[in-house]
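See below for the structure under consideration.
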Amino acid sequence: MTRLTEYEQAIRLWDMEEVKDLLARRAYYISGDRRRELDDLWVQDYYHRKTASYGSNWGFYVGFDQISEFFSVEKDAYAPGTGDACHHTLSTGHVQVAADGNTARALFYDISLDARAQGDSYVNLGPVAVDCVKENGQWKIWHLFCGYDHCLPLCGDYSAVPVVRNEAEHPYRAQFGSPTISMKTYDPDFGWSQEFVTPPMPYQTFNALRSYGPEGHPRYQEVAV
């Protein structure tokens with residue numbers, strides 16, 4: 001890859017910090033301001049909205065309208081209420097900005113608490129992978145994947161959690177609803193599923209087949225309509 005000038009290196013470092021800030025703001029919005037997340041942090045361009053995606057262990061919501069509906073209907077049903085606590089912290093952020101400067105790929109790790117005054121409470125651990133694109137000089141979320149490695153009952157017996165959990169019994173399976181593309185994207189039963197959520201590598205320009213969106217998943221062609 002061509003050696004960068006000092007000015008180009010400064011721009012690259014600035015872009016990396018902007019991407020980290022973008023995801024940090026989203027971590028705060030998760031606690032109950034989903035509308036602000038969509039309005040402020042996600043893509044606005046027509047093509048980008050059409051191809052935007054939000055994924056988890058059970059598939060992908062594709063298209064901004066589908067993502068928005070999921071957040072407003074499915075997520076609102078589980079939004080924190082009085083006496084609840086929902087906190088997300090992102091760690092070990094690794095960002096790669098494309099050589100052309102138009103997109104960026106990043107991988108973080110989420111250690112979160114979902115504590116409920118009524119019902120079950122969990123400590124959650126899992127990867128957060130994102131493709132960002134620059135629109136009018138501002139970085140925006142384009143494809144976002146939030147996986148679950150573990151959902152540990154708060155103050156529960158970790159040894160009682162089954163090594164292999166039936167998909168239907170996962171605490172957040174019902175919450176994820178009916179995604180646009182339904183597929184098992186991420187299997188944490190025996191460690192990380194490295195076939196999809198891999199650390200970003202240096203790259204020249206965006207390629208959907210190497211993204212964190214559905215087309216970047218190695219099983220996408222098996223389920224694509």
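Within the range 1-12, how many residues turn out to be without any contact (Cβ under 8 Å) to a residue 12 or more places away in the chain, in a helix (DSSP H, G or I) and under 18 Å from residue 205 (Cα atoms)?
2
Is there a residue in the range 158-165 that is among the charged types (D, E, K, R) and either surrounded by 12 or more Cβ atoms within 10 Å (Cβ to Cβ) or in contact with a strand residue (DSSP E or B) (Cβ under 8 Å, 6 or more places away or on another chain) (or both)? I'd like the intermediate steps shown before the answer.
Quick first cut of the range 158-165, residues among the charged types (D, E, K, R) only: 165.
With the extra rule that they be either surrounded by 12 or more Cβ atoms within 10 Å (Cβ to Cβ) or in contact with a strand residue (DSSP E or B) (Cβ under 8 Å, 6 or more places away or on another chain) (or both), the set shrinks to 165.
Checking the range 158-165: at least one residue is among the charged types (D, E, K, R) and either surrounded by 12 or more Cβ atoms within 10 Å (Cβ to Cβ) or in contact with a strand residue (DSSP E or B) (Cβ under 8 Å, 6 or more places away or on another chain) (or both).
Restrict the check to the range 138-158 and report whether at least one residue is at pLDDT 90 or above and more than 30 Å from residue 223 (Cα to Cα).
Yes: one or more hits.
A quick yes/no check of all residues on (1) closer than 18 Å to residue 88 by Cβ; (2) open to solvent by 70 Å² or more (accessible area, probe 1.4 Å); (3) touching a residue at least 40 places away in the same chain (Cβ under 8 Å):
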{"residue": "117", "(1), (2), (3)": "no, no, no"}
{"residue": "122", "(1), (2), (3)": "yes, no, yes"}
{"residue": "131", "(1), (2), (3)": "no, no, yes"}
{"residue": "145", "(1), (2), (3)": "yes, no, yes"}
{"residue": "150", "(1), (2), (3)": "yes, yes, no"}
{"residue": "167", "(1), (2), (3)": "no, yes, yes"}
{"residue": "171", "(1), (2), (3)": "yes, no, yes"}
{"residue": "214", "(1), (2), (3)": "no, no, yes"}
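Quick check on the range 13-26. Is at least one of its residues hydrophobic (A, V, I, L, M, F, W, C), part of a loop (DSSP other than H, G, I, E, B) and at negative phi? Walk me through it before giving the result.
Initially, the range 13-26 is screened for residues hydrophobic (A, V, I, L, M, F, W, C), giving 13-14, 16, 19, 22-24.
If we keep only those that are part of a loop (DSSP other than H, G, I, E, B) as well, we get none.
The answer is no, given that none of the residues of the range 13-26 is hydrophobic (A, V, I, L, M, F, W, C), part of a loop (DSSP other than H, G, I, E, B) and at negative phi.
Kindly provide the set of residues from the range 48-101 that are β-branched (Val, Ile, Thr), within 14 Å of residue 175 (Cα to Cα) and free of Cβ contacts under 8 Å to residues at least 40 places away in the same chain, ordered by number.
Step one: of the range 48-101, the residues β-branched (Val, Ile, Thr) are 51, 62, 67, 73, 82, 89, 92, 95, 97.
Remaining after also requiring within 14 Å of residue 175 (Cα to Cα): 67, 73.
Within the range 48-101, just 67 meets the criteria.
Filter the strands (runs of 3 or more DSSP E) completely within the range 106-225 down to those with at least 3 residues that are in contact with a Gly (Cβ under 9 Å, 6 or more places away or on another chain).
122-135, 138-146
Residues of the range 1-48 being open to solvent by 80 Å² or more (accessible area, probe 1.4 Å) and of a type in the set (S, T, N, Q), which ones?
Selection gives 2, 9, 44.
Out of 78, 122, 109, 54, I need the residue that is aromatic (Phe, Trp, Tyr), closer than 17 Å to residue 33 by Cβ and either in contact with a strand residue (DSSP E or B) (Cβ under 7 Å, 6 or more places away or on another chain) or modelled with pLDDT of 90 or more (or both). Which one?
Checking each option against the conditions leaves just 54.
The values are calculated or read from the model by the stated rules, or taken from the named source; none is laboratory data. Because the structure is a prediction, the values reported are computed rather than measured. Cβ: placed from backbone, ideal geometry, glycine included. Neighbour counts: every protein chain shown. Each accessible area value is taken on the protein alone, full model and side chains, heavy atoms only, with ligands, DNA and RNA left out. Shrake-Rupley method; radii C 1.70, N 1.55, O 1.52, S 1.80 Å.
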